[in-house]
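See structure below.
Quick note: the coordinates plus some simple rules give every number you see, no bench work behind them. Just so we're clear, the structure is a prediction, and the values are computed from it rather than from any experiment. When we count neighbours, we look across all protein chains shown, and the Cβ atoms used for this are built from the backbone with ideal geometry, even at glycine.
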Amino acid sequence: MWRANGWPGIGAATCVAAAGALGQDTPPPARPVVTLGAALVEGAPTIDGSLDDTSWQDAPVIDAFTQVNPINGAPPTERTEVRLLYDADTLYLGVRCFDSQPGKIVARSMARDADHGSDDRITFTLDTFSDRRNGYVFVVSAAGGKRDGLIESTRTRWEWDGLWTAKTRVDELGWTAEIAIPTKTLSFNPANTAWGFNIERFVRHKNESMRWATPTRDSAVTLMNGTGEIENLAGLVQGLGLTVKPFLTAKADLDTGDLKFEPGVDLFYKITPSTTAALTINTDFAETEVDTRQVNLTRFPLFFPEKRAFFLEDSGIFEFGGINQSPKPFFSRRIGIVRGQEKDILAGLRVTGRSDGLRFGVLDVQMKDDDELGAKNLGVVRLKHDVGDESAVGLILTNGAPGRRGNNQLVGVDYNYVNSDALGGRVSADLWAMLTHDDPAEVQADNDDPYAYGGRFGWNADPYSFSLFAAEVGRDFRPGLGFVQRPGTREYAVRGGYTWRPEDGGWIRSISTTVGASAYTTLGSDVQSADLDLPRVTLNTESGDSLFAVALFDRELLDDPFEIVDGVTIPTGEYDNAGWRTGFTTSSARPVVVQANYSERGFYDGTRKDTFVNATYRPTAALALTGEYFLNEIELSDGDFTVRTARAQATLQFSPELSWDTTLQWDNQSDQAGLNSRVRYEFRPGQEVFVVYNEGFDVEDDEFESIDRGVTVKVGLTFRF
């Protein structure tokens, strides 16, 4: 029997000790600065993408860009000019992206909140409090697509949606972008006249990126400690800081003929320039995108990401210990969704902000009374205090058990260490610990070891990278508002990598090699699961294509039989297996993009073959067609079975403001399919109409039988004062 002698506490302590041994946070490097002229009194530019307004002629210009990739530190092969203007209510950016081959500019992505990875694009950031930790990020594609997010320390939360305008044009010189960001969209201190700022441009047909400030591979445009600075932002006005967003939802059940109307409202108020309160009443999530269909072939619960706007906004403050999935102390998807069924939310209140190095978040949600669950009030409190230039220490408290009667509490503490100039690169580490408590009158279970603790260490110094993780989760650790996948275990993970970039590699851009290992053990150190990737080799081409191959080794120990699908049970035992996986992805700059991989490996007492194919056809910015197919072919001693999952999606993008998305998903285990068709029209910034059609089907012998149909229309308005 395999054993992992050694305590995860040693690994966790090593994570932070290794980081702490590197010394205190290093003073930040000198920053490039651009000084703005006086605020515009009249003659604000018209946002049409042309840059022909006379007000741009006297605007300060940023043009000192440096190449990040493919040749770090070299001059860019194309020139870029950025101009900045402002008045009391708006910050303006005018960007001219020169291109010696304008016919090769890729401009196919104009959907709101897409990643725009297929396109030429610019990405810029604003650190409105000049704390070199937090800020805003904005992306504009050459086709006029927009994306925005919040930067919170080292994480970017793309779920945030602000109100701003961007227009673009492609011409014989390249392409241009004209952008207006209202001050009411941002939180900032009006007394602070200098903001952090950075901007990066990506030339898709050359796969070349260039950046203004801190143009190194170890940094990123979204790291606030590497921004430059814009000065003389004087006289900015935020207004009253009040935003009112009323909405009306009409829901029609097409099978029964029932029709109901549900009004609601979201209120946002800036208590101070750096503190915002948000109140939602009669919350509705009719416009939320559907989950991607998954079939669980493990004995542990699946993790589905949060997609509801109210819970995504300002959600970064509630992140804890650098934990992505498990053991997560707060997982907002627990609120309003119980065993896959929606539960009505009466109201929710969220207050987030910062003050003198303290960042805080409070969330309280009142659920509608439920016959099964009773009355539920759910809450979380999060505090984080800055330590040094980049690090922080924090506390989290949660209260509530949304999925059952009774109550549950959690308390956790964490420490996050970051040093952007250590060991020739960037070092980060986390250390955390949590305790839970259940209402003994409602939970008939032990409460002997309701704890979890662990740590993480990471080092990136291009071309090298290394990470280490260790954690222990007690058998009785039950976070009522969180997510835990494997209680009663210890988890270990280590990964290291090297990237080789040949100086004259021809069609080869880089070759990366990574080696990784992970393991779960019992609290007695007996190995339950172990995985080893030895090694994973990825080849990236100059055109943006990639190819990978990896050898797989794994071990599973089953103490109890496990029914993987109906009628097929895996017996107890120790299983050692090996296999391989290979795959490729074509460049997203092409009209047809294909991602595919295939693997063969041992699987418990049998074998498993996995095939995955995803293909997208995007001939223009107005049309995208995607097909995706998963195939799992499994042979076991107790029986053979095949799992198929398919998804088809069509997107018509009439303009950045008007889109129509239709998704059809199916799997052969449930023998059900789901159709979701959604039209979104933003007729003015913040004024939106959604029309959503949903239909479910039973599928038998390739015939679809409708089992439920519904149409939802939601109109939402925004008023800012």
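Things worth noting here:
- Packing rank of 65-71, 376-382, where each peptide gets the mean count of other beta carbons within 10 Å, highest leading: 376-382, 65-71
- Between E542 and A44, the modelled label-to-label distance comes to 4.6 nm, taking each label 7 Å out from Cα in the direction of the beta carbon.
- For F303, neighbours were defined as the other residues whose beta-carbon sits under 14 Å from its Cβ, and their charges (Lys and Arg +1, Asp and Glu -1) total +3.
- Where only alpha carbons of region 135-186 are counted, the Rg and the Dmax (Å): 12.6, 40
- Annotation: extensible slack from E342 through T572 equals 79.2 nm (criterion: 0.36 nm per residue apart, minus Cα-Cα distance).
- Only Lys, Arg (+1) and Asp, Glu (-1) charged, at Cβ; region 545-653 dipole about Cα centre in debye: 1040
- Note on L248 and Y629: with the Förster distance fixed at 51 Å, the Cβ-Cβ geometry gives a FRET efficiency of about 0.85.
- Within the same chain, lysines fewer than 8 places from K328 are excluded, and of the rest, those with a Cα less than 18 Å from its Cα are K307, K384.
- Legend: residue pairs K146/K260; K260/K376; K146/K245; K206/K609; K184/K714; K270/K343, Cα-Cα distance threshold 27 Å; pairs beyond threshold, K146/K260; K206/K609; K270/K343.
- Here's how it looks for D161: its modeled amide H is under 5 Å from none belonging to a residue 5 or more places away or on a different chain.
- The ellipsoid that matches the Cα gyration tensor of region 545-653 has semi-axes, each √(5λ) in whole angstrom, of 35, 17, 9, with the longest given first.
- Per DSSP, loop GluC sites (Glu not before Pro) in region 95-194 with at most 14 further Cβ within 10 Å: E172
- Reachable aspartates and glutamates from K368, criterion Cα separation under 12 angstrom, eight or more residues apart if same chain: E342, D344
- Loop-located GluC sites (Glu not before Pro) in region 326-415 (DSSP state other than H, G, I, E, B) with a sparse environment of at most 13 neighbouring Cβ atoms within 10 Å: E372.
- Each residue of region 249-264 was assigned a 3J(HN,Hα) from its phi angle through the Karplus curve 6.51 cos²θ - 1.76 cosθ + 1.60 (θ = phi - 60°); the sequence is 10, 10, 10, 10, 8, 6, 8, 9, x, 5, 9, 9, 10, 10, x, x Hz, with glycine and proline shown as x.
- Whole-Hz Karplus values for region 202-213 come out as 10, 9, 5, 5, 10, 6, 10, 10, 9, 9, 7, 9 Hz, taken residue by residue from phi with 6.51 cos²θ - 1.76 cosθ + 1.60 and θ = phi - 60°; glycine and proline positions read x.
- The chain: angle of helix 8-20 to the longest principal axis, Cα-based, in degrees nearest 10: 20
- In region 212-280, taking the dipole from charged Cβ atoms about the Cα centre, the farthest positive-side position among L254, P273, M224 is held by P273.
- Gain in span if fully extended, V265 to E372, counting 0.36 nm per residue against the direct Cα distance: 35.8 nm
- Rounded, prolate or oblate (a/c below 1.5 giving rounded, otherwise prolate when a/b exceeds b/c) for the chain by Cα gyration tensor: rounded
- Under the simplified labelling scheme, the D638-D702 pair shows an inter-label distance of 3.2 nm, with each label point 7 Å from Cα along Cα→Cβ.
- Gained length - D446 relative to D531, 0.36 nm times residue gap less alpha-carbon distance: 27.5 nm
- Here the Karplus curve 6.51 cos²θ - 1.76 cosθ + 1.60, taken at θ = phi - 60°, turns the phi angles of region 478-487 into couplings of 10, x, x, 9, x, 9, 10, 8, 9, x Hz, with x standing for Gly and Pro.
- Modelled spin-label separation between Q595 and K104, with each label point placed 7 Å from Cα along the Cα-to-Cβ direction: 2.6 nm.
- Judged by the ratio a/c of the largest to the smallest principal axis of the C-alpha gyration tensor, region 37-231 counts as rounded, that ratio being less than 1.5.
- Cα gyration tensor shape for region 355-410, rounded if a/c is under 1.5, else prolate or oblate: prolate
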